[in-house]
1. Looking at segment 187-318, what % of its DSSP beta bridges pair antiparallel, to the nearest 5?
2. What full-extension length gain, to one decimal in nm, is calculated for Ser358 and Gln16 as 0.36 nm per residue of separation minus the Cα-Cα distance?
3. In what sequence do Met172, Met353, Met375, Met335 fall when counting other Cβ within 10 Å, fewest first?
4. Quick one: compute the contact order of segment 187-318, relative version, from alpha carbon pairs under 8 angstrom and 6+ residues apart, as a percent.
5. At Ala59 and Ala311, where each label point lies 7 Å from the Cα along Cα→Cβ, what is the point-to-point distance in nanometres?
6. Report the extension gain between Ser69 and Leu409 in nm, rounded to one decimal, defined as 0.36 nm multiplied by the number of residues separating them, less their alpha carbon distance.
7. Taking 0.36 nm per intervening residue step and subtracting the Cα-Cα distance, what contour gain separates Ser254 from Asn26 on full extension?
8. If you take volume of the Cα convex hull per residue in Å³ from the coordinates, which of [x] 151; [y] 184; [z] 217 do you get?
Amino acid sequence: MSFSINTNVGALAALQSLDSTQQSLNNTQNVIASGLLVGSASDNPAVYSISQTMQANIAGLTAVQDNLSFGNSVLGVAAAAGSQISSQLATLQNTVTQAQQTGISTSTMNTQINNILKNIDNFANNATFNGVNLLAATGTTGVTTDTMVIQDTINAGGQLTVGNQLGGSTAMTQALGLTNLSSTSGGLQYSFNSSYAPAAGDYLQLSNGTNNWVFEFQTTGSTPSAAPSGYTLGANAGGGTNYLTNVIMGTSTSPMAAVGALINSLQQSGFAASLSNNGNLTIAGNNVSSTGSAWEKASTAYSSGSSTNEAGVTQTALSGGSAAITIVQNAIGTMNGIAAKIGATQQEVTGMMNFSSSLSTSLTTGSGALIDANMASESAQLNSLQTKQQLAIRTLSIANAQPQVLLNLFQ
């Protein structure tokens, strides 16, 4: 064994042990301070990469949950307004039915009807949450999230919106087919069978004896159809006006979709028009009558008569009052369908909220299992390293004292 004051092997070994212990102690203190076993890529590159991906997914789910909560609130407001509208429709049916009794003031009952219609539109127009309204005017962006559009079947799918394609403050009553409803509304009813096949140029003509209306079908992108032969637009010999409206339908539109487009055009022209659950079209308002009204094939010359020659279409006259009751019953059916679809979408959103919450919890738990520190284990490790640090310092002190012993050899 050699003794050297230039190379103190014991001190070097003690210093190396102390450095190693100090590094481990610093790491343990960082883990305890942060609570993370893997706090950076240098700790464990593979685990850190996985945890970062999971954290990004958790952040994305948080945004989705926020948007779903917003959507659920919009749906809740729409559902509450829909419930009030359904209640008003029940009152409306009672009012229209009472108005048919002998001795009841028609003027008074019509005032009540108009007030109910105003209430319906007010409920719909005020069913707005943060600028989104599912029941009123067109132009709403619907309910969306960052990762999806909540789909529904109201108005043949797309973003969740009930307001049809109608705008303005009376969009809801138009969508329900209640425009210009009165207690004495007579009207027309059209039924369809499987042979009905709408084509460009087919038209529905309506008349109240003074004014005449023609609603002519036209396919998307085609040149607007001219008025039927024998039908002159503008003032007529009866002191009224002849009107023409082009009803736009797709090139492969189904018969009932074409009827739906017709209903929109009728409503925008001031008629009460609605489709019952069994597919019957009821038209009232503007004092329309069966005289002079008909459904005609393309290229059929206009006639003031009421002979319908469109295959698969049957016209029936509704007496005063009965048309009003039918229109209200159709509106109740329509509103029930809207309420059911809103409710179904609420269930869908609630399910998505529950799923995203569960998924976020699972990801958070999984991420924690990868990177969170076991504090009990780290506490024991800290005590152990502190003891080793003290021993290493003591050993280094002893090793540093050894060269001093060599002085005794030179005394």
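Throughout, read-outs are computed from the coordinates displayed, never taken from laboratory work. Computed from a predicted structure; not experimentally measured. Here the Cβ positions follow ideal geometry from the backbone for every residue, glycine too, while neighbour counts run over all protein chains shown.
1. 75
2. That works out to 118.1 nm of additional length.
3. Fewest to most other Cβ atoms nearby, the residues stand as Met375, Met353, Met335, Met172.
4. That works out to 39 percent.
5. 6.4
6. 113.8 nm
7. Here the segment from Ser254 to Asn26 would lengthen by 74.6 nm.
8. Entry [z].
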